[in-house]
Amino acid sequence: MNDVTMSAQNTAVTLASGTTPPWLNLPEPRSFRPPTKHRTVWISDIHLGTRGCNAEMLVEFLRSIQCDTLYLVGDIIDGWQLSKGWHWPPAHNEVVRRILKMAHRGTRVVYVVGNHDEMLRDYAGFSFGGVEIVNETVHDCKDGRKLLITHGDAFDAVVMYARWLAVLGDKAYSLLLRLNILLAAIRKRFDLPYWSLSAYMKRRVKNAVEFVGRFEEAVARAALERGLDGVVCGHIHTAEIRKIGDITYYNDGDWVESCTALVEEPDGSFHIIDWALTKRAAAAAKAAA
Ligand SMILES: [Mn+2]
């Protein structure tokens, strides 16, 4: 719709004052739908700069929504690709442009840094083009609950040593978290990329379900220790809403494998949007009509 409006405004300049610009009478483009309003939207693991990124799908999704707050939950731009050769088609620019446009129009945009975009960690606390950069943050829900917002890579080590931790207990758990941060810092110091333990585990562990389960429990535990009600993360490319004890675990999925987002509606309810599924359902409804 924006393109129509913009070209129409240019036309209007040439019209004599007092006449109704003809474009005012134009019907809406057939594809136009008013944007769906959400209170909050979470997306992560877009991996801009890689061939796997489904940027066109994401642009469509962003065009279809309106929200008060948009959280970008890490691995938005894939900095690791820089050393291997940059893949940046126009659709990737369009994703960035859409997000900046949303920020410009009043959406609060918060960028939580992940492991593939860790070069942004040094800018945590700063704001660029209306986009706030943070390492992690807390979201206030409509219903009063507080959610930890974190990418999730810090919990890779916990997943790997889950069996030992069950034996060793709480102190080992927090020690391990600190060790993982130290290890990442050392690897960075020597210009080694962050070692994706989660990707390694996904390849190695035959039972991927077991891996995902362990990751979810580790993240939920961090929320519990901080006295929060839940956690939203990404990182493992598996969208999910699940109750773990008193904690609600949310994962917003990704835009490489699944094309999913997590949303909080104006009434305070949460759900996962599967964009490919939404598109298929809309196409089927159109065919049936
Ligand atoms: Mn990640």
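The values are calculated or read from the model by the stated rules, or taken from the named source; none is laboratory data. For clarity, every value in this text was computed on a predicted model and none was experimentally measured. No Cβ is skipped: glycine too gets one built from the backbone with ideal geometry, and neighbour counts run over all protein chains shown.
Some values worked out for this structure:
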read-out	value
Residue match in the stretch 246-255 (condition: touching a residue at least 60 places away in the same chain (Cβ under 8 Å) and over 22 Å from Val138 (Cα atoms))	yes
Test: residue in the stretch 64-85 that is away from the ligand (no atom under 16 Å from the Cβ), part of a loop (DSSP other than H, G, I, E, B) and of a type outside the set (Gly, Ala, Ser)	yes
Any chance Asp254 is closer than 17 Å to Ile43 by Cβ, charged (D, E, K, R) and within 16 Å of the ligand (Cβ to nearest atom)	yes
Failed item, numbered, when Trp88 is tested on (1) aromatic (Phe, Trp, Tyr); (2) within 18 Å of the chain's Cα centre (by Cα); (3) outside any strand (DSSP E or B)	(2)
Top-ranked residue in the stretch 136-153 [being surrounded by 16 or more Cβ atoms within 10 Å (Cβ to Cβ) and farther than 16 Å from Leu224 by Cα; ranked as modelled with the lowest pLDDT]	Asp153
Qualifying positions in the stretch 44-63 - in contact (Cβ under 8 Å) with a residue 40 or more places away in the chain and more than 16 Å from the ligand (Cβ to nearest atom)	Asn54, Ala55, Met57, Leu58, Glu60, Phe61, Leu62
Flag if Lys206 is of a type in the set (D, E, K, R), modelled with pLDDT under 70, surrounded by fewer than 18 Cβ atoms within 10 Å (Cβ to Cβ) and within 16 Å of the ligand (Cβ to nearest atom)	no
In the stretch 120-145, the residues that are closer than 26 Å to Leu175 by Cβ, outside any loop (DSSP other than H, G, I, E, B) and more than 14 Å from the chain's Cα centre (by Cα)	Arg121, Asp122, Val138
Residue within the stretch 86-109 that is within 16 Å of the ligand (Cβ to nearest atom) and buried (at least 19 other Cβ atoms within 10 Å of the Cβ) present	no
Residue that is farthest from Asp246 (Cα to Cα) [pool: residues in the stretch 135-148 that are among the hydrophobic types (A, V, I, L, M, F, W, C) and in contact with a strand residue (DSSP E or B) (Cβ under 6 Å, 6 or more places away or on another chain)]	Val138
Subset of the stretch 256-277 [part of a strand (DSSP E or B), among the aliphatic types (A, V, I, L, M) and touching a residue at least 60 places away in the same chain (Cβ under 8 Å)]	Ala261, Leu262, Val263, Ile273
